[in-house]
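**Q** There's a structure below that I have some questions on.
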Amino acid sequence: MQNGTLAAVDLGTSKVCTIIVNVSGGNIIEVMGWGVAESAGVEKGVIVDIEKAGDSVVESLEQAEKARGLRVQSVVMNTSGRHLSSFNNRATLAIHHRSHVVSKREVKKGYKASTDIDLPIDRGMLHAIPRGYHLDGLASTRNPVGLFAYKLEVESHIITAGLASVQNLVECLASIGVKVGHVVANYIASGAAMLQEGDEERVVAVVDIGAGTTDVAVYKDGRIWHSFVLTIGGDQVTRDMAAGLGISFEMAEKLKMEYGSTLDLESSKMEEVSSKVHQKYGISYEYMNYIIKARVEELLEMVHVKLADMAGEDTAALTGASVRLCGGGAHLKGLPETVREVMGIPAVVAVPKRLAGPYPSLDDISFATGIGLVLCELAEEKVMGARFLSQDGFLKRRRTRPRINLPRISIKLSRGMSRRTSRRH
Ligand SMILES: Nc1ncnc2c1ncn2[C@@H]1O[C@H](COP(=O)(O)OP(=O)(O)OP(=O)(O)O)[C@@H](O)[C@H]1O
Ligand SMILES: [Mg+2]
């Protein structure tokens with residue numbers, strides 16, 4: 001890990017979060033500033049109005065810059081939405097030489113071959129993350145270098161993205177004078193923030209329930225195994241409540257946060273809360289939670305179907321698996337219990353990895369993506385694999401093999417206040 005400073009922007013459907021960190025002493029990350037603003041112009045994880053989205057980013061950037069009078073010029077950024085897709089791809093390499101000892105060069109060659117994929121004209125490769133090596137179709141290993149083999153198979157997790165959706169991100173930031181250095185799939189970022197020590201031995205599904213999307217990264221033995229996005233999140237729950245209860249979206253959102261739950265209260269408490277909600281808002285507490293639970297169960301069933309599909313014939317794969325919940329939607333009371341009921345898999349709401357610095361409020365689960373973006377950028381070589389963007393920041397379709405060793409992003413910081421108007425050009 002090198003010393004330096006970097007900025008991450010998590011552009012979500014409901015909020016934009018900017019985190020600026022300083023890396024010193026080899027591996028100490030100190031937060032130098034952070035900002036959160038309400039997001040506009042983003043629907044189900046994708047930009048639908050560049051100008052509005054740009055204004056939201058400016059607001060969060062300027063909050064983050066203010067504390068130390070910094071000015072961010074380049075950022076690492078997330079992308080989510082229906083345009084993302086992923087699969088695992090294997091390539092086989094014969095070990096020809098007489099010693100049959102696998103070298104670093106061969107591992108690299110095998111990795112490159114595993115990323116050599118033809119994509120439609122409107123798609124690009126966002127990540128190609130090596131996830132496993134197999135020797136002679138028998139042994140699997142994390143590090144094949146130095147082992148004897150006649151055949152090396154390299155498996156990579158490939159994540160592709162719609163070029164237009166990513167280009168809109170880049171253009172949006174360009175319109176406020178900020179360069180997008182790297183783009184990271186939302187679930188990869190959240191996964192990086194939520195993985196814990198000991199996860200090398202088990203299957204963990206990190207489920208980030210946001211406002212517009214639910215982003216899932218599944219890890220097996222500490223390596224990414226599968227990933228997917230559902231374009232349903234907390235907003236859908238609120239919309240259902242608004243429609244079912246005949247109230248505004250804003251009122252439904254407030255009620256959900258204060259009283260929403262997928263759990264039944266004890267009967268004595270239930271009466272008390274129920275009459276309080278009825279007196280205050282004129283609605284039925286029981287019916288409200290019935291609506292919430294129905295939508296949440298449907299969402300979790302969709303996640304479960306995807307997990308079961310992913311495991312395929314390996315039916316034992318999900319035995320001992322666990323679900324780790326994050327994203328603002330995971331604040332909903334009773335969610336871990338409902339996950340267990342619907343999926344039969346234990347679930348916890350866990351705080352993201354902590355970044356050093358006087359910002360305890362970043363411990364909230366809705367900042368998992370922002371924190372993960374920082375961690376991905378720092379662990380670039382290990383986590384990211386292929387780059388989507390060329391060095392000059394413009395998207396280029398990779399017709400052949402993706403380049404893998406582009407330089408790290410840099411942000412130049414200059415003293416002095418930034419002004420919103422000066423962001424636009
Ligand atoms: N206490 C709470 N109870 C229930 N839901 C909550 C609570 N707090 C926040 N939420 C929900 O969390 C969602 C916002 O989460 P988050 O900030 O992670 O979304 P986002 O990153 O902006 O969106 P996305 O990742 O989907 O693009 C909203 O739907 C909000 O209603
Ligand atoms: Mg989010």
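The values are calculated or read from the model by the stated rules, or taken from the named source; none is laboratory data. What you see is a predicted model, and the numbers here were worked out from it, not measured in a lab. Reconstructed Cβ throughout: ideal geometry from the backbone, glycine too, with neighbour counts over all protein chains shown.
**Q** Considering 86, 39, 56, 80, which residue is at pLDDT 95 or above and under 30 Å from residue 145 (Cα atoms)? Even if it seems obvious, please write down each step before you answer.
**A** On the way: 39 fails: under 30 Å from residue 145 (Cα atoms); 56 fails: under 30 Å from residue 145 (Cα atoms); 80 fails: under 30 Å from residue 145 (Cα atoms).
Testing whether each residue is at pLDDT 95 or above and under 30 Å from residue 145 (Cα atoms) leaves just 86.
**Q** Looking at the stretch 352-359, can you tell me whether even one residue there is in a helix (DSSP H, G or I), surrounded by 14 or more Cβ atoms within 10 Å (Cβ to Cβ) and away from ligand 2 (no atom under 16 Å from the Cβ)? Spell out how you get there, then give the answer.
**A** Our first condition is that a residue be in a helix (DSSP H, G or I); within the stretch 352-359, this holds for none.
There is no residue in the stretch 352-359 that is in a helix (DSSP H, G or I), surrounded by 14 or more Cβ atoms within 10 Å (Cβ to Cβ) and away from ligand 2 (no atom under 16 Å from the Cβ).
**Q** Shifting gears a bit: Just one of 255, 245 is aliphatic (A, V, I, L, M) and more than 21 Å from residue 330 (Cβ to Cβ); which is it? It would help to see each step written out before you state the result.
**A** Values: 255 fails: more than 21 Å from residue 330 (Cβ to Cβ).
From the options 255, 245, the qualifying one is 245.
**Q** While we're looking at this one, here's another question. How many residues does the stretch 33-61 contain that are away from ligand 1 (no atom under 15 Å from the Cβ) and either surrounded by fewer than 20 Cβ atoms within 10 Å (Cβ to Cβ) or under 18 Å from residue 184 (Cβ atoms) (or both)?
**A** Total satisfying the criteria: 3.
**Q** Another question, if that's okay. Would you say residue 110 is free of Cβ contacts under 8 Å to residues at least 60 places away in the same chain and either in contact with a His (Cβ under 8 Å, 6 or more places away or on another chain) or under 26 Å from residue 160 (Cβ atoms) (or both)? Talk me through it step by step, then tell me what you get.
**A** Numbers: free of Cβ contacts under 8 Å to residues at least 60 places away in the same chain: yes; either in contact with a His (Cβ under 8 Å, 6 or more places away or on another chain) or under 26 Å from residue 160 (Cβ atoms) (or both): yes.
It is true that residue 110 is free of Cβ contacts under 8 Å to residues at least 60 places away in the same chain and either in contact with a His (Cβ under 8 Å, 6 or more places away or on another chain) or under 26 Å from residue 160 (Cβ atoms) (or both).
**Q** For residue 83, all conditions in the list (1) farther than 30 Å from residue 239 by Cα; (2) in contact with a strand residue (DSSP E or B) (Cβ under 6 Å, 6 or more places away or on another chain); (3) assigned to a loop (DSSP other than H, G, I, E, B) hold save one; what is the number of the exception?
**A** Of everything listed in (1) farther than 30 Å from residue 239 by Cα; (2) in contact with a strand residue (DSSP E or B) (Cβ under 6 Å, 6 or more places away or on another chain); (3) assigned to a loop (DSSP other than H, G, I, E, B), residue 83 misses just condition (1).
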